[in-house]
Each structure stands twice: as structure tokens, then as C-alpha cells.
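Student: Quick one: the structure is below, questions incoming.
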Amino acid sequence: MSEEAEKTTEHRERTPLGLVVRVIELYFMLVIVTVLGYALLKSAAAFDYDITLLRIMVTMAAAARSVWLIEKRSAQTRLYVVVSMCAVIVLSVLDMAFGGEYDRIAAVVSWPVLIAGGILYFGGSLFIVGYFALSPHVKRVFVKEDADSARVAASVQPTHDPGENIYEKPFTWPWLRNLVIYYFAFSIMGHWAEIGFCWLIVLGVVMGDYDFSHAQLWDWWLCPYPAEGIAVVLIALLLFPFKEWVLKKTGGRVWLTLIISFLVNMIVCASIDFTTGITANADYHLWDYRDLPFNFMGQIVLQNTLAYTMAATFIVWVVYPLMAKWLHRMPARYANGLFVGFLAFYLFLEVLYYVHIGPGGLVFG
């Protein structure tokens with residue numbers, strides 16, 4: 001790039017966002033607050049997994065990502081805002097027509113308010129789409145390219161160098177970002193794993209009791225289970241580095257390393273499970289293994305510990321390296337976008353399922 005072109009780009013990056021863009025950014029912030037307020041007021045038991053949920057999730061993620069891109073003055077902003085807002089508009093129309101949202105709103109507000117709100121909502125959304133698509137000012141402001149352009153180019157044809165270090169340097173932004181992504185993803189997938197294990201009990205494959213009336217497990221299938229997310233973060237921080245250290249010390253002997261890794265994973269899984277039990281399940285209201293063989297204090301049982309250990313070992317040896325490689329080779333702008341989307345998505349779920357307003361005020365848990 002020539003010196004004159006660099007000066008032009010620098011000038012554009014310093015161009016004020018302007019009043020209209022700032023108002024639109026404020027609108028996106030209000031959308032985030034409104035969605036969280038909706039989650040706070042909405043009973044998890046009364047929340048349906050339908051098109052309304054999809055619309056809320058897309059709206060939340062779109063608003064959060066839009067604010068992030070506006071503040072970064074990213075060149076992606078225009079296209080992202082236009083596409084995401086079009087998706088929100090389409091989902092809103094479908095929700096009104098087929099999801100029952102129209103009936104729910106009409107039941108609590110008058111016709112004039114309903115019409116005025118519809119005009120404001122859809123009119124404002126269409127204005128944002130048109131402004132970001134056509135405004136010369138927006139075209140001048142959002143021109144900043146990401147600093148990882150070399151990695152963007154490299155990511156089109158990723159290298160397969162055996163010596164490539166796919167694990168981010170500790171205490172850097174990519175390292176922290178990836179840990180948070182692991183936590184978000186496995187908090188939800190861990191819930192699904194719990195459902196799968198309970199079905200093994202239902203089918204008689206393993207011993208134990210099950211309760212189909214337990215809504216948090218069987219019905220609220222997006223409800224995050226933080227313990228599972230924390231477990232995978234610990235795998236990334238402790239168990240995977242330990243496996244790599246043992247592999248090096250044993251001269252690359254995989255089977256010996258696998259056995260040692262499995263045993264250490266078992267100790268860690270049993271310790272986490274037992275600690276969780278004596279702190280959160282002291283009265284056995286969540287689980288009670290006292291009637292099962294090979295249990296300890298009714299808080300942990302051998303069959304479950306073995307299941308957790310096999311899952312942890314699979315994550316240590318297969319899942320975590322694959323995810324680390326995938327995130328490492330992903331352009332930073334996309335990885336950061338994934339982080340922002342996950343953050344908005346997870347925050348909504350946490351408020352919906354674990355925080356609500358009761359007669360005495362806020363209730364957690």
C-alpha cells in the first residue's frame with residue numbers, strides 16, 4: 001500500500017462514527033438489555049423451544065456482535081449488520097405468523113400500541129438495513145481491516161506442518177478467548193451428555209435411578225451445566241499439559257502414557273465429583289448413590305467415575321486437540337465473532353435458567 005493510500009485509510013479510521021451510527025449502536029445495546037430483561041421475567045418452565053427462542057437467540061447474538069464490530073470500526077460491520085438484521089426481520093415475521101408471538105402481544109396491549117410498536121420495530125429495523133447498506137458515511141467509517149490479515153490468507157490453505165504449535169500462548173487474548181469458548185460449549189454439551197447417560201440407566205445398561213419429572217434435565221435442554229464447562233477448562237489447563245509431559249517423559253510411548261493419563265484423569269474426576277457432592281448435594285437432593293455398589297458416602301460411585309474418566313480421556317486425547325487446531329487456524333476476526341456470539345447466547349441462558357424475580361426479589365439458582 002502506498003503512503004498516500006495509508007494516510008487515506010488512517011483518515012477514514014479516525015472519521016467520527018456520527019450521531020446516527022451512535023443511536024443505532026445504542027439501539028443494539030437496548031436490545032441486549034431488553035432480551036436479558038425478558039429472560040429475567042420469563043419462567044424457564046413456561047419457555048418453549050420454538051421459533052421464538054430462535055428469534056431471541058439470533059437477535060441477542062446479532063446485537064452483541066454488531067456493537068463489537070461498530071466499536072472496532074471493522075470493515076465487516078456493514079455486511080454483518082445488513083445480513084443479521086434481515087435475518088431478524090424474517091424470523092420476526094415468521095414468529096408473528098406461525099410462532100404465536102402476535103397472539104401473546106395482542107393479549108396484553110391495545111391495538112394502537114400493537115400497531116405503533118410494529119411500525120417502530122419493523123420500520124427501525126428496515127432503516128438500519130438501508131442505512132448500513134447505502135449510507136456514504138457508513139462506507140467511509142467502517143474500513144478498518146483486522147491485523148491478522150496474514151493469518152486470514154493462511155487460513156484459506158491451512159498448513160499441515162507437524163511442528164506447528166496449535167496451542168495459544170498462555171495469558172494472551174487468544175488463549176483466554178478459547179478457554180471461554182470451551183466453557184460455553186461444553187456447559188451445554190455436558191448437559192446433553194448427562195441426558196445420554198440417564199438414558200443408559202433407563203435402558204438398563206448401567207445402574208441407577210432416573211426421574212422423568214426432573215424438568216431441568218429432560219425438558220430444559222439448553223440449560224447450561226457449569227460443572228461440565230469448568231471440567232473441560234481444567235482439562236485444557238491441567239490434564240492435557242500433563243498428558244503431553246508424560247508422553248515426552250516416556251519417550252513417546254503412547255500406551256503407557258494413555259494408562260497414566262487415564263488414572264490421573266480418574267483421580268481428578270472423582271475429586272471434582274465428590275467436592276461438588278459435599279458442597280451442593282450434602283442433603284442428597286440432587287443424587288444419592290448410597291444404594292449402589294462401590295459408592296463413597298453416596299456422593300460418588302465407581303460406574304459414574306469410570307464414565308466421566310473415559311469422557312475426560314477422550315477429550316484430552318481427541319476433542320481438545322481438534323478444537324485447539326480449529327480455533328488456531330481460524331482467522332482471529334471469526335474466532336472473536338464466535339466468542340461474542342457465544343457470550344451473548346450463554347448470558348441469556350444463564351439469566352433464563354438461573355436468575356428470576358420472585359416475591360422477595362431476585363432469586364438465584
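The values are calculated or read from the model by the stated rules, or taken from the named source; none is laboratory data. Treat the numbers as computed from the prediction; the structure is a model and nothing was measured. Because the Cβ atoms are built from the backbone with ideal geometry, glycine has one as well, and the counts that use them run over all protein chains shown.
Student: Hey, can you tell me all the residues within segment 83-92 that are surrounded by fewer than 18 Cβ atoms within 10 Å (Cβ to Cβ) and either basic (Lys, Arg) or touching a residue at least 40 places away in the same chain (Cβ under 8 Å) (or both)?
Tutor: Hits for segment 83-92 are Cys86, Ile89.
Student: While we're looking at this one, here's another question. If the requirement is being among the small types (Gly, Ala, Ser) and under 30 Å from Glu168 (Cβ atoms), which of these qualifies: Ala270, Ala282, Ala215?
Tutor: Numbers: Ala282 fails: under 30 Å from Glu168 (Cβ atoms); Ala215 fails: under 30 Å from Glu168 (Cβ atoms).
Answer to the check: Ala270.
Student: Of the conditions (1) assigned by TED's automatic domain parsing to the domain that holds Met207; (2) of a type outside the set (Phe, Trp, Tyr); (3) not in a helix (DSSP H, G or I), Leu322 satisfies every one except a single condition; which number is it?
Tutor: In the conditions (1) assigned by TED's automatic domain parsing to the domain that holds Met207; (2) of a type outside the set (Phe, Trp, Tyr); (3) not in a helix (DSSP H, G or I), Leu322 misses (3) alone.
Residue-by-condition table, conditions (1) in contact (Cβ under 8 Å) with a residue 40 or more places away in the chain; (2) surrounded by fewer than 17 Cβ atoms within 10 Å (Cβ to Cβ); (3) over 20 Å from Pro226 (Cα atoms):
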site	(1), (2), (3)
Ala324	yes, no, yes
Met330	yes, no, yes
Ala335	yes, no, yes
Leu338	yes, no, no
Phe342	yes, no, no
Tyr346	yes, no, no
Tyr353	yes, no, no
His356	yes, no, no
Phe364	no, yes, no
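Student: What single numbered condition from (1) closer than 19 Å to Gly341 by Cα; (2) more than 14 Å from the chain's Cα centre (by Cα); (3) of a type in the set (Ser, Thr, Tyr) fails to hold for Tyr183?
Tutor: (2)
Student: Conditions: (1) within 26 Å of the chain's Cα centre (by Cα); (2) touching a residue at least 12 places away in the same chain (Cβ under 8 Å). Val319 meets all but one. Number of the miss?
Tutor: (2)
Student: Taking helices (runs of 4 or more DSSP H) that fall entirely within segment 212-290, which contain at least 1 residues that are at pLDDT below 95 and basic (Lys, Arg)? Quick ask: steps written out before the conclusion?
Tutor: On the way: elements: 215-218, 226-234, 240-249, 254-280.
Helices (runs of 4 or more DSSP H) meeting the threshold: 240-249.
Student: Report whether or not Asn295 is modelled with pLDDT under 95, surrounded by fewer than 18 Cβ atoms within 10 Å (Cβ to Cβ) and polar (S, T, N, Q).
Tutor: yes
Student: May I ask you to verify whether Ala133 is of a type in the set (Gly, Ala, Ser) and modelled with pLDDT of 90 or more?
Tutor: Judged against the criteria, Ala133 is a match.
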